[in-house]
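Student: Just dropping this structure here.
All of the numbers you see were taken from the coordinates with simple rules; none came from a lab. Not measured: the values here are computed from a predicted model. Here the Cβ positions follow ideal geometry from the backbone for every residue, glycine too, while neighbour counts run over all protein chains shown.
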Amino acid sequence: MNSDRTRYIEIDVKSALNKVTSAQYPGMKWSLNPYRGCKHGCVYCYARYTHTFYDLDPDRDFTSIVFVKRNLPEALRADLRQASWQRERVSIGTATDPYQPIEGRYRLTQAALRILRDQLTPASLVTKNTMCLRDADLMASLHRAAGFSLCISLITIDEALARSLEPDVPSPGQRLRVVQELSRLGVPVHVAIAPIMPGLTDSEHQLRDLIQAIYDHGGRLGFHQTFKMYADTRQTLFAWLERAHPHLLPWYRRVYGAAGNAPQAYERKLAARIARIHEAIAPTQVDFPPDPVEPAGQLSLGL
């Protein structure tokens, strides 16, 4: 699990960009992750499997050993200078949080945003961390130059539950204030409710309170996604459930024992619940300024 004695290992990469070929992510063509492993320690994190590529334990080592792609700025410049590069949208933070604490020292995410802006390449970024406020002006200038959108991940406004699920992440209140400030500064910002944890964060009142808080802070409702079980997440999540919510463990074992997805009937019911809440309380909002370029393959974040 999460450790205060995290080891940071510097590595070099040949390319900063990863080509996305999975049909699971339609429209996403390129991803960029400055770090491998994550100090945040979220018990539901799907990206734990990436540590198995290094023969490391996805439960224990994912949060205690973080790889830093120290040459990422140079590799990204080389990628974007290739004659074949078409300035397609780059998705930042698809595997680990690009603003986890070590970013304060290495500033690799900041460097990537600056390079993308200078090379007129549109981008989107997903984070849970309030450190993104540091780069608000840079994000706004990237949006004006090429197109940019920020997605803040927030699955509950219950402070105690959030601390238990996401041990080293800023509180929901802190993240909501970031949404408010970034929106005020003209950065296109949405809030992703992902993953929704069955039996923990999926009730009518929990979702209504969360969505209302998003709107009250000037945010837009982005995408939602039900928890999907990955093989290398199972150990971490089941151990947490056994400690924190043992009454839910039999249900999770039964539902996620053989399949990675929640039942389709549950998915439909949840989608209808969120749509109903959205329709009932969504405010009339002014659109964000349009991207100055038409980003190829942009994911739709609207409900």
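Student: If the chain between residue 251 and residue 276 were fully stretched, how many nm would it gain, using 0.36 nm times the residue separation less the Cα-Cα distance? Each step should come with its number before you reach the end.
Tutor: Details: separation 25, 0.36 × 25 = 9.00 nm, distance 2.63 nm.
Value of the extension gain: 6.4 nm.
Student: Counting alpha carbon pairs within less than 8 Å and at least 6 residues apart, what relative contact order, in whole percent, applies to the chain? Can you show the working numbers first?
Tutor: On the way: 534 pairs, mean separation 57.9, N = 303.
About 19 percent, as a whole number.
Student: Output wanted: per-residue J couplings in Hz (rounded whole) for segment 120-131, from phi through Karplus 6.51 cos²θ - 1.76 cosθ + 1.60, θ = phi - 60°, x for Gly and Pro.
Tutor: Per-residue couplings from phi come out as 6, 10, x, 8, 9, 8, 10, 8, 10, 9, 6, 4 Hz.
Student: For labels at residue 53 and residue 18 in the simple 7 Å Cα→Cβ model, what's the distance in nm?
Tutor: For the pair residue 53/residue 18, the computed spacing is 0.5 nm.
Student: Another question, then. State the label only: which of (i) 0.98; (ii) 1.18; (iii) 1.07 corresponds to Cα Rg over 2.2 N^0.38 Å computed from the shown model?
Tutor: Correct label, based on the coordinates given: (i).
Student: Which percentage, to the nearest 5, of the DSSP beta bridges contained in segment 1-139 is antiparallel?
Tutor: Numbers: 4 of 15 bridges.
So the antiparallel bridges in segment 1-139 amount to around 25 percent.
Student: So how many Lys-Lys pairs in the chain land under 28 Å Cα to Cα, not counting same-chain pairs under 8 apart?
Tutor: Number of lysine pairs found: 21.
Student: Identify the residues of segment 107-123 with backbone N under 11 Å of a label point that sits 7 angstrom from the Cα of residue 85 along the Cα-to-Cβ direction, or state none.
Tutor: 115-122
Student: Now for a separate question. Can you give the FRET efficiency for residue 204 and residue 7, using 1/(1 + (r/R0)^6), R0 = 45 Å, r = Cβ-Cβ distance, to the nearest 0.05?
Tutor: Details: r = 43 Å, r/R0 = 0.96.
About 0.55, to the nearest 0.05.
Student: Residue separation times 0.36 nm, minus the C-alpha to C-alpha distance between residue 243 and residue 184: what's the value?
Tutor: Fully extending the segment from residue 243 to residue 184 adds 17.2 nm.
Student: Which trypsin sites (Lys or Arg not before Pro) from segment 69-102 combine a DSSP loop assignment with at most 11 other Cβ atoms within 10 Å? List each step's numbers first, then the result.
Tutor: Values: sites: 69, 70, 77, 81, 87, 89; in loops: 70, 81, 87, 89.
Passing sites in segment 69-102 are 81.
Student: Of all DSSP beta bridges in the chain, what percent run antiparallel (nearest 5)? Let's see the in-between values first.
Tutor: Details: 4 of 28 bridges.
Antiparallel bridges: around 15 percent, rounded to the nearest 5.
Student: Which whole-number percent is the relative contact order of segment 59-152 (Cα, under 8 Å, 6+ apart)? It would help to have the intermediate numbers written out before the result.
Tutor: On the way: 101 pairs, mean separation 27.1, N = 94.
Taking the mean separation of contacting Cα pairs over the length of segment 59-152, I get 29 percent.
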